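Nothing in this text is a laboratory measurement; each read-out follows from the coordinates by a stated rule. Please read these numbers as outputs of a predicted model, since none were measured by experiment. Backbone-built Cβ (ideal geometry, glycine too); neighbour counts: all protein chains shown.
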Amino acid sequence: MMQGLSLAQVLRYYPESNTADIIRIEDGWRAARVPVMTGQASTDTGLSQVAAPEDISVDGVATSPDARSVVAVVAYHDRGAPIILGFLPPVQRQTLFTDGRYINRLASDVYTSVDKNGNAEWYHPSGTFVRIAEDPGHEDLTGQDFNGRWRVRRNTGRRPTVQVSVGNGGTEQASLTIDPAGNVTIATGGTVTLVTPSATISGDLIVGGRMFAAGGISTPGNVSDGIGTLGQLRVSHDGHGHGTPTGQSTPPNAGPPSFLPPLPPLDIEREQQGEDTYSPPIEQRDDLVSVITLPQYFRGFDAVYPDDYTAEVIANAVALLARVNALLQEAGIARIVTSGWRPLAYNLGVPGASATSLHIVARAIDLGDADRRLKFWLARNQGALERNGLFMETPAATPTWVHLQDSPPASGRRIFSP
């Protein structure tokens, strides 16, 4: 049988045992590891969430304006052993609203809010939120409570990633991921279907594989097969039909032209200062391209090494070529791929190749540069590397080619030594 009730200030909460240290408000009597009741509990079910007090002294007194005070309602067994039945809300608290709002706020400052009109929001203190409401924008509750005290101050500097995953038999089948930088990734072993009368993409559309259209594609501008292959596709420009473009193939290891004369060493420091140390001849060959395609980058290895040809490799290649092609367009220089994606087994047989080469994960590319025009241009325009998120290996180590990668080296330098 329970005897009597009293109020006590919680001094410390122990989540591993769901107990608390308390000091009775009326007379200062203390008890340690007092059990806390909950609405539902068993050996493998239940709710476990008690906000630990903050800025409360050993005597139960608040030591700062932002102190978190937790007041327990305590009952006693026949032999005087205390048990916490629940908690009495403080009068001056942040969760009182006059509009009939439901609020569930956790100690981390993550909260759920539902107003009387059914506008619902789940909010993370980083600013991330999910909302179902007539107004889709985040509802800022700062100072909107009855006491004007609502303020989110914990975990505001966190950088969460949002991911929704679908599993089957314990194995993930599909996922939607949004990272802190705003990148959105949909990964699935199935298909993605968009059913809509129309869809608008405001930026560039990069297709990593082949693209098919049951109808036609109409555009007032140009359609380029710079990334991937447009296959079985009728493209119309302002209503004028054109044929079916196909991807261009490139030899796996096209060498430099034999007619070029020996070149003097490249003086990077003088080139960076804009001095003309050398005026390279213009390379003349019919296989130079200003836009590099995925088939040219993969060079047929996707068929030879299908197990290495993963979704991650494809995504990396798409991102890399977008950067490299933007750089070539800015430079106005056409090049060929002399080394693109290198599957691990193939890379092991390449003389001088690192076992951890970024070519293995499709984050590096070598461009033929026997005439050294691209080297000289990059030496004078390092800002182009930064603008396009690329890094170049020092020309001293790449006499007839340019090595570019989109992952920074250990030194962090835009032009680096291997």
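Worth pointing out:
- When each of the peptides 375-385, 33-43 is scored by how many other beta carbons lie within 10 Å of its residues on average, the order from highest to lowest is 375-385, 33-43.
- Under 5 Å, built H, 5+ apart or other chain: amide partners of residue 87: 73
- Three-way shape call for the stretch 91-210 based on the alpha-carbon gyration tensor, with the a/c threshold at 1.5: prolate
- In order along the stretch 19-33, phi translates into HN-Hα couplings of 10, 8, 8, 9, 10, 5, 5, 6, 9, x, 5, 10, 8, 10, 6 Hz, rounded to whole numbers, per the Karplus curve 6.51 cos²θ - 1.76 cosθ + 1.60 with θ = phi - 60° and x for Gly and Pro.
- When you restrict to C-alpha pairs under 8 Å that are six or more residues apart and normalise by the size of the stretch 94-160, the relative contact order lands at 32 percent.
- Virtual spin-label span in nm between residue 178 and residue 146, 7 Å along Cα→Cβ: 3.4 nm
- Global form of the stretch 3-88, assessed from the alpha-carbon gyration tensor, a/c cut-off 1.5: oblate
- Averaging 1/r across all pairs of distinct Cα atoms in the stretch 104-163 and inverting the result yields a Kirkwood radius of 12.3 Å.
- J(HN,Hα) series, the stretch 132-142, from Karplus relation 6.51 cos²θ - 1.76 cosθ + 1.60, nearest Hz, glycine and proline x: 10, 6, 5, 9, x, x, 4, 8, 7, 9, 3
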